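The values are calculated or read from the model by the stated rules, or taken from the named source; none is laboratory data. The structure presented is a predicted model; accordingly, all values stated were derived computationally and were not measured. Heads up, the Cβs are rebuilt from the backbone with ideal geometry, glycines too, and the neighbour counts pull from every protein chain shown. Only protein heavy atoms, including side chains, enter the accessible area calculation; ligands, DNA and RNA are left aside. Shrake-Rupley method; radii C 1.70, N 1.55, O 1.52, S 1.80 Å.
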Amino acid sequence: MRKARAILPLALLGLLGAPAHADDGRDLGRETLAAGDGWAAAAGGTTGGAAADDAHVFTVTDRAGLVRALDGGSATPKIIRIAGTIDANTDDDGDRLDCADYAADGYTKRAYLAAYDPRTWGAARPSGPLEDARKASAARQAERIELAVGSHTTFVGLGDDAVLKGASLRIADADNVIVRNLELRDAYDCFPVWQPNTGGLGDWKAAYDNIWLRGASHVWIDHVTISDKGHPDEREPTHFGRTYLRHDGLLDITNASDLVTVSWSRFADHDKAILIGNGDAATADRGRLRVTLHHNEFDTVVQRAPRVRFGRVHLYNNRYVVPGDAHDYRYSIGVGTESAVYAENNAFTAPGHIEAADLVKSWNGTALHQSGTLFNGFPVDLLALNNAYNSGSERDLTGDVGWTPVLHGPVDSAAAADRAVARGAGAGRIR
Ligand code: CA
């Protein structure tokens with residue numbers, strides 16, 4: 001552990017008393033979701049912590065201050081303004097914690113790999129002293145980086161460069177939460193678990209999503225940037241023949257969460273971006289998981305943009321960019337069990353080795369509405385392509401998802417949205 005105390009630069013101190021965005025004196029912390037702006041506008045709308053009294057408006061510059069402001073996930077209306085970069089992997093004095101600082105009971109990665117090598121351990125799930133040590137170590141990291149967010153909370157970045165690094169925001173069994181103008185970076189798991197029975201070849205599983213909505217309702221996520229910046233999984237080594245994954249989802253929406261709007265945000269440099277519904281057996285999700293995703297950018301995302309089970313999801317005016325060297329790209333829109341995705345006017349840009357038929361993948365899905373889709377500047381019909389080229393294990397999808405979105409702002413053409421999102425999506429870009 002290094003001992004280095006951060007000293008606030010004078011410029012930052014000057015910012016602390018200022019409103020969230022200096023350009024025009026707006027106080028983002030007091031702003032609420034516009035009427036009609038997606039599913040989070042339903043049933044009373046989403047106001048977050050806008051009603052907070054002055055004693056519950058916090059400006060935080062380190063993890064300790066953030067934890068105090070969160071107050072254990074209390075439901076007192078509160079506005080939490082993040083200034084500069086906050087690293088969740090720090091101790092109570094603000095000193096950086098690395099993976100070795102969390103390791104407990106003799107855990108080392110080398111010992112773990114030696115103990116559960118499939119060539120000697122076989123295909124059973126890891127168990128015994130080293131798996132226990134991994135769990136104990138993981139619990140120590142979780143205690144630092146999992147941050148519970150309560151009802152009636154607004155999180156907002158101050159200025160154009162607020163960053164929350166290494167944290168997993170847990171919006172669990174909470175109602176009425178806003179997260180805006182904030183970069184969330186690198187929710188890095190020091191202690192991935194080996195799952196020998198996942199996907200035939202086994203796989204590494206990391207624990208943390210940058211934001212996890214679990215039993216949450218009325219959530220508005222706007223102008224955030226979420227990525228693995230600085231720590232991409234593609235640079236991780238291979239162990240047991242599989243990439244040693246350090247990250248789970250960027251934004252996962254599960255366990256009967258409902259009424260969510262995600263707007264003008266960037267999801268980048270990541271494998272599994274957004275999971276809506278985490279199990280075919282989670283029938284409590286039926287009728288819930290209603291989510292609107294509009295004017296977001298998915299840049300260099302391998303899969304799940306989003307992957308949906310059960311939910312009625314309105315996906316409009318989003319921009320997808322797959323870079324030329326993305327040889328691990330899998331798909332963008334995942335059509336899962338009982339999902340009802342209404343996709344309109346989305347724009348995709350992808351290199352030559354990716355075809356429009358690759359953009360949609362179905363797992364037990366039955367329907368997808370799509371219209372106005374652009375692929376490399378040309379109109380395409382994702383539904384017809386999916387049905388023409390799907391694999392033998394996939395059923396044809398119908399275009400009737402059983403609902404038509406009513407809660408939404410103006411729907412632009414895909415071409416206009418593509419340009420607007422390139423200019424305006426992400427943290428630090430509220431104008
Ligand atoms: Ca997850």
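Output the strands (runs of 3 or more DSSP E) that fall wholly within the range 267-322 and possess 2 or more residues being acidic (Asp, Glu), or say none.
Values: elements: 274-276, 291-294, 297-303, 312-316, 319-321.
It comes to 297-303.
Considering only residues that are small (Gly, Ala, Ser) and open to solvent by 60 Å² or more (accessible area, probe 1.4 Å), which ones fall in the range 30-63?
Ala35, Ala43, Gly44, Ala51, Ala55
Residues to consider are Val360, Val411; find the one that is closer than 21 Å to Asp280 by Cβ and among the β-branched types (Val, Ile, Thr).
Details: Val411 fails: closer than 21 Å to Asp280 by Cβ.
When all the criteria are applied, what remains is Val360.
Does any residue of the range 280-290 turn out to be away from the ligand (no atom under 15 Å from the Cβ) and either surrounded by 24 or more Cβ atoms within 10 Å (Cβ to Cβ) or among the aromatic types (Phe, Trp, Tyr) (or both)? So that I can check it myself, show each step before the final result.
Of the residues in the range 280-290, the ones away from the ligand (no atom under 15 Å from the Cβ) are 280-281, 283-284, 286-288, 290.
Cutting the leftovers down to either surrounded by 24 or more Cβ atoms within 10 Å (Cβ to Cβ) or among the aromatic types (Phe, Trp, Tyr) (or both) gives us 290.
Scanning the range 280-290 turns up at least one residue that is away from the ligand (no atom under 15 Å from the Cβ) and either surrounded by 24 or more Cβ atoms within 10 Å (Cβ to Cβ) or among the aromatic types (Phe, Trp, Tyr) (or both).
In the range 240-249, is there at least one residue being within 14 Å of the ligand (Cβ to nearest atom), closer than 27 Å to Ala422 by Cβ and small (Gly, Ala, Ser)? So that I can check it myself, show each step before the final result.
The initial filter retains those residues of the range 240-249 that are within 14 Å of the ligand (Cβ to nearest atom), namely 245-249.
From what is left, the residues that are closer than 27 Å to Ala422 by Cβ are 247, 249.
Of the ones still in play, those that are also small (Gly, Ala, Ser) are 249.
Checking the range 240-249: at least one residue is within 14 Å of the ligand (Cβ to nearest atom), closer than 27 Å to Ala422 by Cβ and small (Gly, Ala, Ser).
Please determine, by comparing only the residues of the range 260-279 that are charged (D, E, K, R) and within 16 Å of the ligand (Cβ to nearest atom), which one is nearest to Ile333 (Cα to Cα). Step through it out loud before you land on a result.
Initial filter on the range 260-279 (charged (D, E, K, R)): 266, 269, 271-272.
Adding the requirement that they be within 16 Å of the ligand (Cβ to nearest atom) leaves 271-272.
Numbers: Asp271: 13, Lys272: 11 Å.
Among those that are charged (D, E, K, R) and within 16 Å of the ligand (Cβ to nearest atom), it is Lys272.
Could you list, in sequence order, the residues of the range 291-304 that are of a type in the set (A, V, I, L, M, F, W, C) and either surrounded by 24 or more Cβ atoms within 10 Å (Cβ to Cβ) or within 13 Å of the ligand (Cβ to nearest atom) (or both)?
Matches in the range 291-304: Val291, Leu293, Phe298, Val301.
Give me the residue from the range 188-231 that is within 16 Å of the ligand (Cβ to nearest atom) and of a type in the set (Lys, Arg) and, out of that set, least open to solvent (accessible area, probe 1.4 Å).
Lys205
Are any residues in the range 361-381 within 13 Å of Val401 (Cβ to Cβ), touching a helix residue (DSSP H, G or I) at 6+ places or on another chain (Cβ under 8 Å) and aliphatic (A, V, I, L, M), and if so, which ones?
Result: Leu368, single match.
Are any of the residues in the range 381-392 more than 26 Å from His327 (Cβ to Cβ) and in a strand (DSSP E or B)?
No, there is no match, as no residue in the range 381-392 is more than 26 Å from His327 (Cβ to Cβ) and in a strand (DSSP E or B).
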